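Taking it in order: structure first as C-alpha coordinates, then the write-up.
The values are calculated or read from the model by the stated rules, or taken from the named source; none is laboratory data. What you are looking at is a predicted structure, and each value in this text was computed from that prediction instead of being measured. Positions of Cβ are backbone-derived with ideal geometry, glycine not excepted, and every protein chain shown enters the neighbour counts. The protein model used for the area step is the full one, side chains on, heavy atoms only, and it has no ligands, DNA or RNA in it. Shrake-Rupley method; radii C 1.70, N 1.55, O 1.52, S 1.80 Å.
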Amino acid sequence: MRVIGLMSGTSYDAIDAAAADLRLDGDQLVLTPLGLLSQPYSDELRAAVAQSLPPASTTVEQVCRLDTGIGQAFAEVARQAVEQLCGGSADLIVSHGQTVFHWVDGGSVRGTLQLGQPAWIAEATGVSVVSDLRARDVAAGGQGAPLVSIMDVLWLRGRTGVPVALNLGGIANITVVHGEPVAFDTGPANALIDAVVTELTGRPFDADGVMAARGQVHVPLLERLLADPYYGRPAPKSTGKELFNLSYLAHAMEGLPEIPADDLVATVTMLTARTVGDAVRRYGGTEVIASGGGIRNPVLMKLLESELGVPLRTTDELGLPSAAKEAYAFAVLGFLTMHGLGGTVPSCTGARHSSVLGSITPGVSGLPVVTDDVQPPVRLLVQ
(Lines give C-alpha, C1' and ligand atoms only; values in the text may rest on other atoms or scores of the structure.)
Protein backbone atom coordinates (compact mmCIF):
# COMPACT_ATOMS: atom_id res chain seq x y z
CA MET A 1 0.00 0.00 0.00
CA ARG A 2 1.35 3.41 -0.99
CA VAL A 3 0.77 5.73 1.99
CA ILE A 4 1.50 9.41 2.56
CA GLY A 5 1.96 10.70 6.12
CA LEU A 6 1.37 14.40 6.83
CA MET A 7 2.70 16.07 9.95
CA SER A 8 3.03 19.51 11.51
CA GLY A 9 4.52 19.51 14.97
CA THR A 10 4.38 21.81 17.96
CA SER A 11 6.76 24.23 16.26
CA TYR A 12 3.98 24.82 13.66
CA ASP A 13 6.47 26.05 11.08
CA ALA A 14 5.83 23.67 8.19
CA ILE A 15 3.90 20.67 6.93
CA ASP A 16 6.02 17.59 6.27
CA ALA A 17 4.90 14.88 3.86
CA ALA A 18 6.55 11.47 3.65
CA ALA A 19 5.52 8.71 1.24
CA ALA A 20 6.20 5.03 1.76
CA ASP A 21 5.35 1.64 0.39
CA LEU A 22 4.06 -0.39 3.34
CA ARG A 23 3.32 -4.08 3.39
CA LEU A 24 2.90 -6.86 5.90
CA ASP A 25 5.23 -9.83 5.51
CA GLY A 26 4.31 -12.40 8.14
CA ASP A 27 4.95 -10.78 11.52
CA GLN A 28 7.01 -8.01 9.93
CA LEU A 29 5.94 -4.60 8.64
CA VAL A 30 8.14 -3.56 5.72
CA LEU A 31 8.56 0.17 5.03
CA THR A 32 10.20 1.41 1.83
CA PRO A 33 10.68 5.20 1.87
CA LEU A 34 9.58 6.90 -1.35
CA GLY A 35 10.64 10.43 -0.50
CA LEU A 36 9.64 13.47 1.43
CA LEU A 37 8.81 17.13 0.97
CA SER A 38 8.13 20.03 3.28
CA GLN A 39 6.09 23.16 2.74
CA PRO A 40 6.32 26.10 5.18
CA TYR A 41 3.13 27.53 6.56
CA SER A 42 2.29 30.90 5.07
CA ASP A 43 3.18 33.81 7.34
CA GLU A 44 -0.51 34.55 7.77
CA LEU A 45 -1.43 31.00 8.78
CA ARG A 46 1.52 30.63 11.13
CA ALA A 47 0.60 33.91 12.80
CA ALA A 48 -3.02 32.77 13.13
CA VAL A 49 -1.92 29.52 14.80
CA ALA A 50 0.40 31.39 17.16
CA GLN A 51 -2.35 33.84 18.11
CA SER A 52 -4.72 31.00 18.99
CA LEU A 53 -2.41 29.05 21.30
CA PRO A 54 -2.39 29.31 25.10
CA PRO A 55 -2.06 31.53 26.98
CA ALA A 56 -3.86 33.54 24.28
CA SER A 57 -7.64 33.46 24.14
CA THR A 58 -9.58 32.63 21.00
CA THR A 59 -13.12 32.33 19.64
CA VAL A 60 -15.08 29.54 18.00
CA GLU A 61 -14.99 31.59 14.80
CA GLN A 62 -11.18 31.66 14.88
CA VAL A 63 -11.08 27.92 15.53
CA CYS A 64 -13.36 27.31 12.54
CA ARG A 65 -11.23 29.52 10.30
CA LEU A 66 -8.07 27.75 11.47
CA ASP A 67 -9.59 24.31 10.91
CA THR A 68 -10.34 25.30 7.33
CA GLY A 69 -7.06 27.12 6.68
CA ILE A 70 -4.93 24.31 8.07
CA GLY A 71 -7.01 21.72 6.21
CA GLN A 72 -6.51 23.57 2.93
CA ALA A 73 -2.77 23.92 3.56
CA PHE A 74 -2.48 20.19 4.30
CA ALA A 75 -4.54 19.46 1.18
CA GLU A 76 -2.11 21.37 -1.02
CA VAL A 77 0.90 19.54 0.43
CA ALA A 78 -0.93 16.23 0.02
CA ARG A 79 -1.67 17.03 -3.61
CA GLN A 80 2.02 17.77 -4.21
CA ALA A 81 3.06 14.57 -2.43
CA VAL A 82 0.75 12.43 -4.56
CA GLU A 83 2.20 13.91 -7.74
CA GLN A 84 5.85 14.27 -6.77
CA LEU A 85 6.41 11.30 -4.46
CA CYS A 86 3.88 8.73 -5.65
CA GLY A 87 3.79 9.23 -9.40
CA GLY A 88 0.23 10.54 -9.27
CA SER A 89 -1.33 7.64 -7.38
CA ALA A 90 -1.55 6.96 -3.62
CA ASP A 91 -3.70 4.48 -1.70
CA LEU A 92 -4.01 6.35 1.59
CA ILE A 93 -3.17 9.69 3.20
CA VAL A 94 -2.71 10.00 6.96
CA SER A 95 -2.96 13.48 8.44
CA HIS A 96 -1.87 14.35 11.94
CA GLY A 97 -3.17 17.90 11.57
CA GLN A 98 -1.99 20.69 13.84
CA THR A 99 -2.17 20.31 17.60
CA VAL A 100 -3.63 23.48 19.10
CA PHE A 101 -4.46 22.23 22.59
CA HIS A 102 -3.48 19.25 24.74
CA TRP A 103 -5.64 19.26 27.86
CA VAL A 104 -3.64 17.91 30.81
CA ASP A 105 -5.26 17.93 34.24
CA GLY A 106 -3.29 16.62 37.20
CA GLY A 107 -1.13 14.43 35.01
CA SER A 108 -4.10 12.93 33.15
CA VAL A 109 -5.03 13.93 29.62
CA ARG A 110 -8.71 14.88 29.34
CA GLY A 111 -8.71 15.79 25.68
CA THR A 112 -6.56 16.80 22.75
CA LEU A 113 -7.38 18.92 19.71
CA GLN A 114 -5.77 18.74 16.28
CA LEU A 115 -7.12 21.05 13.57
CA GLY A 116 -7.02 20.62 9.80
CA GLN A 117 -10.31 19.40 8.33
CA PRO A 118 -9.49 16.18 6.40
CA ALA A 119 -12.34 16.68 3.90
CA TRP A 120 -10.17 19.26 2.12
CA ILE A 121 -7.44 16.64 1.68
CA ALA A 122 -9.82 13.99 0.36
CA GLU A 123 -11.43 16.49 -2.00
CA ALA A 124 -8.10 17.77 -3.37
CA THR A 125 -6.59 14.32 -3.93
CA GLY A 126 -9.48 11.87 -4.24
CA VAL A 127 -7.64 9.67 -1.73
CA SER A 128 -9.04 8.31 1.54
CA VAL A 129 -7.72 10.07 4.65
CA VAL A 130 -7.12 8.83 8.19
CA SER A 131 -7.07 11.69 10.70
CA ASP A 132 -7.66 12.60 14.36
CA LEU A 133 -5.39 9.82 15.54
CA ARG A 134 -4.80 10.89 19.14
CA ALA A 135 -8.33 11.09 20.53
CA ARG A 136 -9.05 7.35 20.72
CA ASP A 137 -6.02 6.69 22.92
CA VAL A 138 -7.12 9.51 25.24
CA ALA A 139 -10.60 7.97 25.42
CA ALA A 140 -8.96 4.69 26.45
CA GLY A 141 -7.22 6.41 29.35
CA GLY A 142 -3.96 7.20 27.57
CA GLN A 143 -1.94 10.35 27.08
CA GLY A 144 -2.55 10.38 23.31
CA ALA A 145 1.21 10.78 23.05
CA PRO A 146 3.79 10.00 22.00
CA LEU A 147 2.04 8.04 19.25
CA VAL A 148 5.33 7.47 17.40
CA SER A 149 6.22 5.01 20.16
CA ILE A 150 4.73 2.01 18.32
CA MET A 151 7.01 2.64 15.35
CA ASP A 152 10.00 3.08 17.67
CA VAL A 153 9.25 -0.19 19.42
CA LEU A 154 8.74 -2.16 16.20
CA TRP A 155 11.82 -0.64 14.59
CA LEU A 156 14.36 -0.71 17.45
CA ARG A 157 13.30 -3.93 19.14
CA GLY A 158 16.17 -6.41 19.00
CA ARG A 159 19.01 -3.89 19.09
CA THR A 160 21.58 -4.60 21.78
CA GLY A 161 21.41 -2.77 25.09
CA VAL A 162 18.67 -0.26 25.81
CA PRO A 163 18.04 1.84 22.68
CA VAL A 164 16.18 5.12 23.14
CA ALA A 165 14.40 6.97 20.33
CA LEU A 166 14.44 10.74 20.79
CA ASN A 167 12.34 13.29 18.94
CA LEU A 168 13.36 16.94 19.21
CA GLY A 169 10.38 18.94 18.00
CA GLY A 170 8.74 21.75 19.95
CA ILE A 171 8.47 19.21 22.75
CA ALA A 172 11.01 16.42 23.30
CA ASN A 173 9.86 12.84 23.70
CA ILE A 174 11.62 9.52 24.13
CA THR A 175 10.76 5.86 23.69
CA VAL A 176 12.78 3.40 25.73
CA VAL A 177 12.80 0.04 23.96
CA HIS A 178 13.65 -2.54 26.60
CA GLY A 179 11.43 -5.07 28.35
CA GLU A 180 8.06 -3.36 28.66
CA PRO A 181 8.59 -0.20 26.57
CA VAL A 182 8.19 3.25 28.08
CA ALA A 183 7.55 6.52 26.24
CA PHE A 184 6.86 10.07 27.38
CA ASP A 185 7.46 13.77 26.79
CA THR A 186 10.62 14.77 28.61
CA GLY A 187 9.84 18.50 28.43
CA PRO A 188 10.60 21.30 25.97
CA ALA A 189 12.89 20.72 23.01
CA ASN A 190 12.65 23.77 20.75
CA ALA A 191 9.52 25.31 22.30
CA LEU A 192 11.21 27.70 24.70
CA ILE A 193 14.24 28.28 22.47
CA ASP A 194 12.08 29.31 19.53
CA ALA A 195 9.77 31.41 21.70
CA VAL A 196 12.67 33.39 23.18
CA VAL A 197 14.40 33.93 19.83
CA THR A 198 11.18 35.03 18.16
CA GLU A 199 10.32 37.42 20.99
CA LEU A 200 13.78 38.99 21.15
CA THR A 201 14.87 39.00 17.49
CA GLY A 202 11.81 38.37 15.33
CA ARG A 203 13.51 35.32 13.83
CA PRO A 204 11.70 31.97 14.15
CA PHE A 205 14.59 29.97 15.65
CA ASP A 206 18.24 30.04 16.69
CA ALA A 207 19.81 29.14 13.34
CA ASP A 208 22.87 26.92 13.85
CA GLY A 209 22.67 27.62 17.59
CA VAL A 210 24.52 30.92 17.13
CA MET A 211 22.88 32.72 20.06
CA ALA A 212 23.27 29.75 22.40
CA ALA A 213 26.95 29.44 21.43
CA ARG A 214 27.59 33.10 22.28
CA GLY A 215 25.75 32.98 25.59
CA GLN A 216 26.47 31.67 29.04
CA VAL A 217 24.04 29.50 31.00
CA HIS A 218 22.33 31.53 33.74
CA VAL A 219 22.55 29.01 36.57
CA PRO A 220 19.92 30.50 38.93
CA LEU A 221 17.33 30.55 36.13
CA LEU A 222 18.25 27.03 35.02
CA GLU A 223 17.81 25.77 38.57
CA ARG A 224 14.37 27.38 38.79
CA LEU A 225 13.32 25.82 35.49
CA LEU A 226 14.60 22.38 36.48
CA ALA A 227 12.54 22.54 39.67
CA ASP A 228 9.27 22.35 37.70
CA PRO A 229 7.16 19.46 39.07
CA TYR A 230 6.61 18.07 35.57
CA TYR A 231 10.08 16.54 35.45
CA GLY A 232 9.49 14.52 38.61
CA ARG A 233 6.20 12.98 37.47
CA PRO A 234 6.28 9.31 36.54
CA ALA A 235 5.78 8.11 32.99
CA PRO A 236 3.64 7.94 30.98
CA LYS A 237 3.16 11.69 30.77
CA SER A 238 2.77 14.33 28.10
CA THR A 239 2.95 18.09 27.88
CA GLY A 240 2.97 20.93 25.37
CA LYS A 241 3.11 24.66 24.82
CA GLU A 242 0.13 24.98 27.16
CA LEU A 243 2.83 24.76 29.87
CA PHE A 244 6.12 25.63 28.22
CA ASN A 245 5.61 29.09 26.76
CA LEU A 246 6.85 32.67 27.21
CA SER A 247 4.54 33.35 30.15
CA TYR A 248 5.94 30.30 31.90
CA LEU A 249 9.49 31.55 31.32
CA ALA A 250 8.66 35.10 32.42
CA HIS A 251 7.24 33.74 35.68
CA ALA A 252 10.46 31.79 36.29
CA MET A 253 12.52 34.96 35.72
CA GLU A 254 10.64 37.05 38.28
CA GLY A 255 13.01 38.70 40.76
CA LEU A 256 16.15 37.92 38.74
CA PRO A 257 18.31 40.67 37.27
CA GLU A 258 17.99 41.30 33.53
CA ILE A 259 19.44 38.41 31.55
CA PRO A 260 21.19 39.10 28.21
CA ALA A 261 19.44 37.62 25.19
CA ASP A 262 22.23 35.20 24.31
CA ASP A 263 22.43 33.98 27.91
CA LEU A 264 18.68 33.39 27.96
CA VAL A 265 18.87 31.30 24.77
CA ALA A 266 21.88 29.39 26.13
CA THR A 267 19.95 28.64 29.33
CA VAL A 268 16.81 27.25 27.70
CA THR A 269 18.98 25.25 25.27
CA MET A 270 20.75 23.70 28.25
CA LEU A 271 17.35 23.01 29.84
CA THR A 272 16.43 20.83 26.88
CA ALA A 273 19.73 18.94 26.96
CA ARG A 274 19.68 18.43 30.73
CA THR A 275 16.07 17.20 30.94
CA VAL A 276 16.55 14.80 28.02
CA GLY A 277 19.78 13.54 29.56
CA ASP A 278 18.14 13.03 32.96
CA ALA A 279 15.29 11.06 31.37
CA VAL A 280 17.59 8.80 29.36
CA ARG A 281 19.82 8.08 32.37
CA ARG A 282 16.80 7.28 34.52
CA TYR A 283 15.98 4.37 32.22
CA GLY A 284 19.54 3.20 31.57
CA GLY A 285 19.66 4.10 27.88
CA THR A 286 22.74 2.79 26.10
CA GLU A 287 22.25 4.64 22.78
CA VAL A 288 20.05 7.49 21.62
CA ILE A 289 18.68 7.69 18.08
CA ALA A 290 17.45 11.21 17.40
CA SER A 291 15.17 12.91 14.90
CA GLY A 292 13.25 16.17 14.60
CA GLY A 293 14.17 19.76 13.89
CA GLY A 294 16.37 20.05 16.99
CA ILE A 295 19.06 17.86 15.48
CA ARG A 296 19.89 20.75 13.13
CA ASN A 297 21.03 22.81 16.13
CA PRO A 298 24.71 21.86 16.57
CA VAL A 299 24.96 23.51 19.98
CA LEU A 300 22.00 21.54 21.31
CA MET A 301 23.42 18.30 19.88
CA LYS A 302 26.84 18.97 21.45
CA LEU A 303 25.21 19.63 24.82
CA LEU A 304 23.16 16.46 24.44
CA GLU A 305 26.26 14.38 23.72
CA SER A 306 27.84 15.74 26.89
CA GLU A 307 24.74 15.19 29.02
CA LEU A 308 23.95 11.71 27.70
CA GLY A 309 27.35 10.06 27.94
CA VAL A 310 26.19 7.37 25.47
CA PRO A 311 26.32 7.24 21.66
CA LEU A 312 24.04 9.81 20.00
CA ARG A 313 23.11 9.18 16.38
CA THR A 314 20.33 10.19 14.05
CA THR A 315 17.69 8.05 12.37
CA ASP A 316 19.37 8.85 9.03
CA GLU A 317 22.17 6.49 10.06
CA LEU A 318 19.60 3.69 10.35
CA GLY A 319 18.00 4.40 6.98
CA LEU A 320 15.08 6.63 7.93
CA PRO A 321 15.28 10.36 7.08
CA SER A 322 15.21 12.23 10.37
CA ALA A 323 13.47 15.23 8.84
CA ALA A 324 10.35 13.16 8.20
CA LYS A 325 10.46 10.43 10.82
CA GLU A 326 7.20 11.55 12.46
CA ALA A 327 5.48 11.81 9.08
CA TYR A 328 6.57 8.23 8.34
CA ALA A 329 5.31 7.19 11.78
CA PHE A 330 1.85 8.56 11.03
CA ALA A 331 1.87 6.78 7.67
CA VAL A 332 2.46 3.57 9.65
CA LEU A 333 -0.37 4.40 12.06
CA GLY A 334 -2.83 4.98 9.22
CA PHE A 335 -1.76 1.75 7.54
CA LEU A 336 -2.45 -0.13 10.78
CA THR A 337 -5.84 1.58 11.10
CA MET A 338 -6.92 0.53 7.60
CA HIS A 339 -6.03 -3.07 8.50
CA GLY A 340 -7.98 -2.91 11.76
CA LEU A 341 -4.83 -3.16 13.85
CA GLY A 342 -4.03 -1.31 17.06
CA GLY A 343 -1.71 1.66 16.75
CA THR A 344 -0.63 2.17 20.36
CA VAL A 345 1.57 0.49 22.95
CA PRO A 346 -0.38 0.75 26.25
CA SER A 347 2.76 0.83 28.40
CA CYS A 348 3.93 3.85 26.37
CA THR A 349 0.76 5.96 26.41
CA GLY A 350 -0.79 4.67 29.63
CA ALA A 351 -3.98 3.51 27.94
CA ARG A 352 -6.01 0.56 29.21
CA HIS A 353 -5.53 -1.24 25.91
CA SER A 354 -4.25 -0.77 22.40
CA SER A 355 -6.70 0.98 20.06
CA VAL A 356 -7.35 1.22 16.35
CA LEU A 357 -6.77 4.92 15.86
CA GLY A 358 -8.40 7.75 13.97
CA SER A 359 -11.36 8.62 11.81
CA ILE A 360 -11.60 7.82 8.10
CA THR A 361 -12.74 10.16 5.34
CA PRO A 362 -13.38 8.09 2.17
CA GLY A 363 -11.80 9.07 -1.12
CA VAL A 364 -13.55 9.40 -4.46
CA SER A 365 -13.46 5.63 -5.03
CA GLY A 366 -14.30 4.66 -1.46
CA LEU A 367 -11.89 2.98 0.93
CA PRO A 368 -8.80 1.08 -0.22
CA VAL A 369 -9.18 -2.70 -0.34
CA VAL A 370 -7.10 -4.50 2.26
CA THR A 371 -6.46 -8.10 3.24
CA ASP A 372 -8.78 -9.30 5.99
CA ASP A 373 -6.58 -11.99 7.57
CA VAL A 374 -3.69 -10.05 9.10
CA GLN A 375 -1.75 -10.29 12.33
CA PRO A 376 -0.25 -7.39 14.29
CA PRO A 377 3.41 -6.94 13.28
CA VAL A 378 6.11 -7.46 15.91
CA ARG A 379 8.93 -5.72 14.05
CA LEU A 380 9.51 -3.04 11.43
CA LEU A 381 12.00 -3.34 8.61
CA VAL A 382 13.10 -0.20 6.77
CA GLN A 383 14.50 -1.06 3.38
In the list Ala17, Ala56, Ala50, which residue meets the criterion of being closer than 13 Å to Ala73 by Cβ and either open to solvent by less than 60 Å² (accessible area, probe 1.4 Å) or in a strand (DSSP E or B) (or both)?
Ala17
Can you pull out the residues in region 347-366 that are open to solvent by 50 Å² or more (accessible area, probe 1.4 Å) and either in contact with a strand residue (DSSP E or B) (Cβ under 7 Å, 6 or more places away or on another chain) or not in a loop (DSSP other than H, G, I, E, B) (or both)?
Ser359, Ile360
Do you know which of the residues in region 326-346 that are open to solvent by 10 Å² or more (accessible area, probe 1.4 Å), assigned to a helix (DSSP H, G or I) and of a type outside the set (Asp, Glu) is nearest to Ala183 (Cα to Cα)?
Pro346
Among what's in region 50-72 and is in contact (Cβ under 8 Å) with a residue 40 or more places away in the chain and β-branched (Val, Ile, Thr), pick the residue that is farthest from Ser247 (Cα to Cα).
Thr68
Before we move on, is Gly319 buried (at least 20 other Cβ atoms within 10 Å of the Cβ) and among the small types (Gly, Ala, Ser)?
no
Assess whether Thr275 counts as being under 17 Å from Gly169 (Cβ atoms) and free of Cβ contacts under 8 Å to residues at least 60 places away in the same chain.
no
If you take the residues in region 31-47 that are over 19 Å from the mean Cα position of the chain (by Cα) and in a helix (DSSP H, G or I), which one is surrounded by the most Cβ atoms within 10 Å (Cβ to Cβ)?
Leu45
Could you check region 62-76 and list, in sequence order, the residues that are open to solvent by 50 Å² or more (accessible area, probe 1.4 Å), closer than 21 Å to Ala327 by Cα and not polar (S, T, N, Q)?
Glu76
